[in-house]
Amino acid sequence: MKKIASIITNKYLLAGVFFIIWMLFIDQRDYFQQKERRDELRKLEMKKEYYQKEIDKTRKELGDLQNSPAALERFAREHYLMKKEGEDIFIIEDSTTGKK
């Protein structure tokens, strides 16, 4: 019993336990806050990757529109519902998304 009491009252052990508790729960940059920030960073990196892909896709589409009259005509027909003379256009809406 005396040996257990001496181990528990050891100043180095007490200081170590206090330090661990402090760093895990009390400190301004505690473990749980760091975990939340890592998760948020991962989400932001995924968004950054998505938007980078979208930017690349848009740049490619812009290059096609600037260099190809056929692509420009296709874009105008799809997005602005332009048509040639004597042509009929039928618009079919998707009932699940409401898009044309």
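Output the residue which, of all residues in region 1-37 that are exposed (fewer than 10 other Cβ atoms within 10 Å of the Cβ), basic (Lys, Arg) and part of a helix (DSSP H, G or I), is modelled with the highest pLDDT.
Only one residue tops the list, namely LYS11.
Residues of region 43-100 being surrounded by 10 or more Cβ atoms within 10 Å (Cβ to Cβ), in a loop (DSSP other than H, G, I, E, B) and of a type outside the set (A, V, I, L, M, F, W, C), which ones?
Within region 43-100, SER68, LYS83, LYS100 qualify.
The values are calculated or read from the model by the stated rules, or taken from the named source; none is laboratory data. These numbers come from a predicted model, not from an experiment. Glycine gets a Cβ as well: all are built from the backbone with ideal geometry, and neighbour counts include every protein chain shown.
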